[in-house]
Amino acid sequence: IKTYWTRKDPNSLYYFKDENYIIRVILNSSHLILGANVNPNIIYVSYHSIKDLGAPAKDKIELYKCFKQLNLDATLHLIQDEKDIDGKMIKSLEHGMRMTDKALFRKELPLMLEKLKDKKSPMKANSISYPCKNKVFKFKDEGDQFKLEIV
């Protein structure tokens with residue numbers, strides 16, 4: 001699929017430019033700080049297979065260390081081996097672990113709602129903008145959609 005994110009020849013229409021790379025860098029400290037300042041009450045929960053070849057676990061571990069340094073509520077569940085496969089929520093050790101959203105929400109949403117029940121969101125607008133070289137990626141919540149505007 002050719003998208004903004006496709007990495008190809010620089011002469012191609014769909015070249016993955018530096019700006020498009022910067023928005024995707026998981027450990028971009030300026031973007032992590034920006035997000036933490038916009039809303040420090042966000043709760044981060046991830047499940048990641050230690051055997052994921054598509055997205056190395058070391059990157060996710062470093063991300064969660066950054067979240068902790070920013071005093072964010074962040075929990076990383078590292079799925080180590082076959083004994084962690086429950087067949088309901090986690091079905092594989094491959095990328096994505098073939099997790100089901102329904103089981104994930106059933107497990108994590110009540111915990112998140114309990115943590116958030118007495119907190120007020122400091123967000124003033126339903127958008128966040130990330131500068132990336134000569135582009136700004138603005139993510140906005142509009143009605144029932146999450147939209148991306150690139151300026």
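Laboratory data are not the source of any read-out in this text; all were calculated from the coordinates shown. Everything numeric in this text was worked out from a predicted model, so none of it was measured. Virtual Cβ from ideal backbone geometry, glycine too; neighbours counted across all protein chains shown.
Some points to look at:
- Under 5 Å from the amide H of residue 95 lie the amide H atoms of 53, 54, each residue being 5 or more positions distant or on a separate chain, with H modelled from the backbone and absent for Pro and chain starts.
- Shape call, the stretch 19-70: gyration tensor on alpha carbons, a/c limit 1.5: oblate
- Computed from phi, the 3J(HN,Hα) profile of the stretch 24-40 under the Karplus parametrisation 6.51, -1.76, 1.60 (θ = phi - 60°) reads 8, 5, 5, 9, 6, 4, 5, 6, 5, 5, 4, x, 5, 6, 5, 8, x Hz, with x in place of Gly and Pro.
- Added length on full extension, which subtracts the Cα-Cα distance from 0.36 nm per residue, residue 61 to residue 138: 25.1 nm
- Length gained when the stretch residue 107-residue 129 is fully extended (0.36 nm per residue, less Cα-Cα span): 4.8 nm
- Karplus (6.51, -1.76, 1.60) ³J(HN,Hα), θ = phi - 60°, over the stretch 50-64, in Hz, Gly and Pro reported as x: 5, 9, 5, 7, x, 9, x, 4, 4, 5, 5, 4, 5, 4, 5
- Look at the dipole of the chain built from charges on Cβ: of 128, 110, 22, the Cα furthest out on the positive end belongs to 128.
- For the chain, the square roots a ≥ b ≥ c of the C-alpha gyration tensor eigenvalues yield an a/c of 1.5 or more together with a/b not exceeding b/c, which makes the shape oblate.
- Distance in nm between pseudo-label sites at residue 27 and residue 151 (7 Å out along the Cβ direction from Cα): 3.1 nm
- Placed amide H near residue 74: partners under 5 Å, 5+ positions off or other chain: 44
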